[in-house]
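Asker: To start, I am sharing the structure in question, which I have written as structure tokens.
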Amino acid sequence: MKRCSKCSNLFPDPFAFCPLDATELVEEPGTAPEAAEASAEPSQIKVRTLMLALGILGLTAAICFLVAFSYLYLKPKFGGLEVKTTPPGATVLLDGKERGVSPITITDLRSGGHQVKASKDGFEEFVQQVQVMPYSTESVHLTLKPLVANLSNEQLAEVESWKKKLETAQKENILLPPPEDYNVLYFANRILAIDPANTFAAEVKERLAESVRRDADLAYAREDWLSAEKEYKNLTLIYPDDISINERLSDISAKLDATIKDREKQIEDWKARADAAMKSGTLLPPEKDNAWDALRSILRLDRKNVYALGAVSQLREMLQNRGDTKLNSGDLAGARSDFRLVLQYFPDDKYSSSRLAVVETRMAEAARAEQQRTLQLQQEEQRSRERIANLRISAMNAYRAGAREKSLSDWQEYLKYEPGSDEAYFYIGATYMEMKQFDTAILNFGKCLSLHPGNAYAHLNLGILYDRHRNDLEQAIEHLEKAKALGGADKYSPERIEGMIRDLRDRVQLRTMQATPFAVEHKHTFSSCRGNLRITSEGVEFKTAETDHSFYETYSGLRNFSVAGDEVAIRTRNNKKYNFRLLNPSDAENVRRLSAMHMKDEQ
């Protein structure tokens, strides 16, 4: 057995160190292995020793926990912040330190609260507290309020002038320099220099920046370093103080330097692209795979490349020829656009400058001539309106004076200038109605209503004509109903027209009854026979199986037609008498009404 000199516990021989305190064990004299084996009493550990060991283990666990907590929760944590502003291009300060121009993404920020400030000329400063979370990128969008500028009338006029030039440059797709003083960006900056709060110019500039940034990022993603360099340089024209753009340009420049090793192969590839573009006529941006970008790429690799320099001259001549062709064909707007395009890429081209001056001179002359023609047309139109107005007055006066022929002549002449005049057709119809040319009057009243269905006078006249001239009672009722619904006309009030309509409906009903035969008994001197009595619009007809007693008498040949109860008596002018008894007594009233109407008309 072995004993620990520190805790005095005994341990078997295999132990060399105390398992409790790591003290080296000492051989206990008088304890042979045989004696230990012979001893039946088991070894025991003191309670104090056990508690000490447990305390040591607990302390060790606590220390490990504190170390892990400090590592996880007390070490510095970092996140990111993306700052956007409306309008873009504002200077961004984080905790008082300038970090660039919006939109911008700031990385490696300690988590916690930060102060973001955005400022831009013509707008109020915007300050906001933001909370950056660990291991994430927060996004904040700041909307800057414009400072309302008190502009003079001269400044307002100048802003309007620059705005028109900006819109023209947009139509011609001249967005960025060159030329330096004729492009969308230049005009937008001029407007904002006068009125920093001008929303139109700010929105145009923002859309332009988004378009250029999209093209730049796309070229960078495709690893088209030359195009990416071009687009990011264009972006610096819009945001010259944006640090992130300059950092990206430095990165692109390094990548371009790395690619110069295979310069010869690249030059050959660009030559092939340039030749293909020249043959297809795709010379300039924004056309895809254009010759200008290909030649510029060659000169980027070799500034003295003979092929590229010669091709650039050839490209300029092709552009000049395009402008000359349009100028010779009279397409002045197209020629101006082409020569401006040449000057956009070749600002020192004197030939294109002189041709552009010629084009603008011709366009100014054409504009003056067009203005003169417009003025002449306006004067002729004014004279024509006066002539038409005088013609209408003459036609109206002639109608009122009863000069029918002159009224017709003037109204027909008036229709040559105003073919859609319902008034002219109405008075032509009224004139023909007075001249008793009723069919022609109906035709013209109809044309009047086709142009102006709400003419109550035309409906009234057609109602009267269809009744008295054409005996078309249904059409007459239809037009009178419309005249009544429109409030009547002149002396014909809605109530009076309603009376006319009732009379027409009664006549329609009687006309229907005329077609209906009445069953009667014809009385003879000593006998009688039965048959049908019809009262038509021309006369009275009786039909019976006994043909000897059938007869027909016109109203002009009748002296008397009377109805008493169910008895009907008819006497002719030559003293013939016909006596009938109605087999259906209820027919008496209809017979009386029909006979009264026709006998009255005959008288």
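Asker: Kindly list, by first and then second residue, each pair from a residue in segment 495-506 that is of a type outside the set (A, V, I, L, M, F, W, C) to a residue that is surrounded by 12 or more Cβ atoms within 10 Å (Cβ to Cβ), limited to pairs with Cβ atoms under 7 Å and residues at least 6 apart or on different chains.
Answerer: Once the first residue is of a type outside the set (A, V, I, L, M, F, W, C) and sits in segment 495-506, its partners that are surrounded by 12 or more Cβ atoms within 10 Å (Cβ to Cβ) give Glu498/Lys484; Arg505/Ile477.
Asker: For segment 97-115, which residues satisfy the criterion of being under 22 Å from Asn246 (Cα atoms), assigned to a strand (DSSP E or B) and of a type outside the set (Gly, Ala, Ser)?
Answerer: Applying the first criterion (under 22 Å from Asn246 (Cα atoms)) to segment 97-115 yields 97-109.
From what is left, the residues that are assigned to a strand (DSSP E or B) are 97-101, 104-109.
Result: Lys97, Glu98, Arg99, Val101, Ile104, Thr105, Ile106, Thr107, Asp108, Leu109.
Asker: Additional query: Filtering segment 75-95 down to residues that are over 23 Å from Leu147 (Cβ atoms) and small (Gly, Ala, Ser), which residue is surrounded by the most Cβ atoms within 10 Å (Cβ to Cβ)? Walk me through how you get there before you give the answer.
Answerer: Step one: of segment 75-95, the residues over 23 Å from Leu147 (Cβ atoms) are 75-82, 94-95.
Subset that is small (Gly, Ala, Ser): 79-80.
Numbers: Gly79: 20, Gly80: 16.
That would be Gly79.
Asker: Can you tell me which residues in segment 197-233 are within 13 Å of Pro88 (Cα to Cα), out of contact with any Pro (no Cβ under 7 Å at 6 or more places or on another chain) and not aliphatic (A, V, I, L, M)?
Answerer: Thr199, Glu203, Lys205, Arg207, Glu210, Arg213
Asker: On to the next question. Within the bounds of segment 337-359, is there any residue that is touching a Ser or Thr at 6+ places or on another chain (Cβ under 9 Å), outside the structural domain of Met435 (by TED's automatic domain parsing) and basic (Lys, Arg)?
Answerer: There is at least one residue in segment 337-359 that is touching a Ser or Thr at 6+ places or on another chain (Cβ under 9 Å), outside the structural domain of Met435 (by TED's automatic domain parsing) and basic (Lys, Arg).
Asker: Return the only residue of Glu125, Glu172, Glu180 being surrounded by 13 or more Cβ atoms within 10 Å (Cβ to Cβ) and either closer than 24 Å to Leu356 by Cβ or among the polar types (S, T, N, Q) (or both).
Answerer: Values: Glu125 fails: either closer than 24 Å to Leu356 by Cβ or among the polar types (S, T, N, Q) (or both); Glu180 fails: surrounded by 13 or more Cβ atoms within 10 Å (Cβ to Cβ).
From the options Glu125, Glu172, Glu180, the qualifying one is Glu172.
Asker: Quick one: which helices (runs of 4 or more DSSP H) lie wholly within segment 327-425 and hold at least 1 residues that are within 37 Å of the chain's Cα centre (by Cα) and in contact (Cβ under 8 Å) with a residue 60 or more places away in the chain?
Answerer: Numbers: elements: 332-345, 350-401, 404-417.
Those helices (runs of 4 or more DSSP H) span 332-345.
Asker: Within segment 553-564, is there a residue that is at pLDDT 90 or above, out of contact with any strand residue (DSSP E or B) (no Cβ under 9 Å at 6 or more places or on another chain) and farther than 30 Å from Ala456 by Cα?
Answerer: Looking through segment 553-564, at least one residue is at pLDDT 90 or above, out of contact with any strand residue (DSSP E or B) (no Cβ under 9 Å at 6 or more places or on another chain) and farther than 30 Å from Ala456 by Cα.
Asker: Looking only at segment 333-348, count every residue that is of a type in the set (A, V, I, L, M), crowded, with 20+ Cβ neighbours inside 10 Å and over 20 Å from Lys230 (Cβ atoms) and tell me the total.
Answerer: Going through segment 333-348 one residue at a time, the tally reaches 1.
Asker: Also, I was wondering about something else. What number of residues within segment 104-131 satisfy the criterion of being of a type outside the set (S, T, N, Q), farther than 21 Å from Arg190 by Cα and in contact with a helix residue (DSSP H, G or I) (Cβ under 9 Å, 6 or more places away or on another chain)? Talk me through it step by step, then tell me what you get.
Answerer: Of the residues in segment 104-131, the ones of a type outside the set (S, T, N, Q) are 104, 106, 108-110, 112-114, 116-118, 120-127, 130.
Still in the list and also farther than 21 Å from Arg190 by Cα: 104, 106, 108-110, 112-114, 116-118, 125-127, 130.
From what's left, in contact with a helix residue (DSSP H, G or I) (Cβ under 9 Å, 6 or more places away or on another chain): 104.
Counting residues in segment 104-131 that are of a type outside the set (S, T, N, Q), farther than 21 Å from Arg190 by Cα and in contact with a helix residue (DSSP H, G or I) (Cβ under 9 Å, 6 or more places away or on another chain) gives 1.
Asker: State yes or no: is Thr547 of a type in the set (Val, Ile, Thr), at pLDDT below 85 and not assigned by TED's automatic domain parsing to the domain that holds Tyr457?
Answerer: Details: of a type in the set (Val, Ile, Thr): yes; at pLDDT below 85: yes; not assigned by TED's automatic domain parsing to the domain that holds Tyr457: yes.
It is true that Thr547 is of a type in the set (Val, Ile, Thr), at pLDDT below 85 and not assigned by TED's automatic domain parsing to the domain that holds Tyr457.
Asker: Taking Ser111 as the residue in question, decide whether it is surrounded by 15 or more Cβ atoms within 10 Å (Cβ to Cβ), at pLDDT below 85 and over 37 Å from the mean Cα position of the chain (by Cα).
Answerer: Values: surrounded by 15 or more Cβ atoms within 10 Å (Cβ to Cβ): yes; at pLDDT below 85: yes; over 37 Å from the mean Cα position of the chain (by Cα): yes.
Yes.
Asker: Can you give me the number of residues within segment 571-588 that are assigned to a strand (DSSP E or B) and farther than 17 Å from Glu521 by Cα?
Answerer: The first filter runs over segment 571-588 and keeps only residues assigned to a strand (DSSP E or B), leaving 571-572, 577-582.
Now drop any that are not farther than 17 Å from Glu521 by Cα, which leaves 572.
The qualifying residues number 1.
Asker: Please work out which residue is farthest from Arg263 (Cα to Cα), limiting yourself to segment 300-319 and to residues that are free of Cβ contacts under 8 Å to residues at least 12 places away in the same chain and of a type in the set (A, V, I, L, M). Steps first, answer last, please.
Answerer: From segment 300-319, those free of Cβ contacts under 8 Å to residues at least 12 places away in the same chain are 303-304, 306, 309-310, 313, 317; that's our starting set.
Now narrow it down to the ones that are of a type in the set (A, V, I, L, M): 306, 309.
On the way: Val306: 15, Leu309: 17 Å.
Of everything passing the filter in segment 300-319, Leu309 is farthest from Arg263 (Cα to Cα).
Asker: How do the pairs read when you match residues in segment 442-453 that are closer than 12 Å to Ile428 by Cβ with residues anywhere that are crowded, with 16+ Cβ neighbours inside 10 Å and polar (S, T, N, Q), using Cβ under 8 Å and keeping only pairs 6 or more apart or on different chains?
Answerer: What qualifies is Phe445/Asn461; Cys448/Asn455.
Asker: Now, a different point. Being closer than 28 Å to Asp503 by Cα and either in a strand (DSSP E or B) or in contact with a helix residue (DSSP H, G or I) (Cβ under 8 Å, 6 or more places away or on another chain) (or both) is true for just one of Val591, Val520, Val540. Which residue is that? Give the derivation first.
Answerer: On the way: Val591 fails: either in a strand (DSSP E or B) or in contact with a helix residue (DSSP H, G or I) (Cβ under 8 Å, 6 or more places away or on another chain) (or both); Val520 fails: closer than 28 Å to Asp503 by Cα.
Sole residue among the options that is closer than 28 Å to Asp503 by Cα and either in a strand (DSSP E or B) or in contact with a helix residue (DSSP H, G or I) (Cβ under 8 Å, 6 or more places away or on another chain) (or both): Val540.
Asker: Can you say whether Arg534 is without any contact (Cβ under 8 Å) to a residue 24 or more places away in the chain and either surrounded by 13 or more Cβ atoms within 10 Å (Cβ to Cβ) or part of a loop (DSSP other than H, G, I, E, B) (or both), as far as the supplied structure shows? Working first, answer last.
Answerer: Numbers: without any contact (Cβ under 8 Å) to a residue 24 or more places away in the chain: yes; either surrounded by 13 or more Cβ atoms within 10 Å (Cβ to Cβ) or part of a loop (DSSP other than H, G, I, E, B) (or both): yes.
Considered against the rule, which asks whether it is without any contact (Cβ under 8 Å) to a residue 24 or more places away in the chain and either surrounded by 13 or more Cβ atoms within 10 Å (Cβ to Cβ) or part of a loop (DSSP other than H, G, I, E, B) (or both), Arg534 comes out as yes.
Asker: A follow-up question, please. Kindly establish whether Ile243 is under 23 Å from Leu176 (Cβ atoms), out of contact with any Asp or Glu (no Cβ under 6 Å at 6 or more places or on another chain) and at pLDDT below 85.
Answerer: Working: under 23 Å from Leu176 (Cβ atoms): yes; out of contact with any Asp or Glu (no Cβ under 6 Å at 6 or more places or on another chain): yes; at pLDDT below 85: yes.
Criteria met by Ile243.
Asker: Modelled with pLDDT of 70 or more, of a type in the set (Lys, Arg) and either assigned to a strand (DSSP E or B) or in contact with a Leu (Cβ under 8 Å, 6 or more places away or on another chain) (or both): which single residue out of Arg48, Arg3 fits that description? Let's see the steps before the verdict.
Answerer: Values: Arg48 fails: either assigned to a strand (DSSP E or B) or in contact with a Leu (Cβ under 8 Å, 6 or more places away or on another chain) (or both).
Step by step, each of Arg48, Arg3 is checked, and only Arg3 is modelled with pLDDT of 70 or more, of a type in the set (Lys, Arg) and either assigned to a strand (DSSP E or B) or in contact with a Leu (Cβ under 8 Å, 6 or more places away or on another chain) (or both).
Asker: Please list, ordered by first then second residue, the pairs with beta carbon atoms under 7 Å, 6 or more apart or interchain, first in segment 462-481 and surrounded by 15 or more Cβ atoms within 10 Å (Cβ to Cβ), second assigned to a loop (DSSP other than H, G, I, E, B).
Answerer: Here the result reads Tyr466/Asp472, each pair linking segment 462-481 to a residue that is assigned to a loop (DSSP other than H, G, I, E, B).
Asker: Looking at segment 484-498, is at least one residue at pLDDT below 90 and hydrophobic (A, V, I, L, M, F, W, C)?
Answerer: yes
The values are calculated or read from the model by the stated rules, or taken from the named source; none is laboratory data. Fair warning: this is a prediction, and the values are worked out from it, not measured in the lab. Quick reminder, even Gly has a Cβ in these numbers, built from the backbone with ideal geometry, and neighbours come from all protein chains shown.
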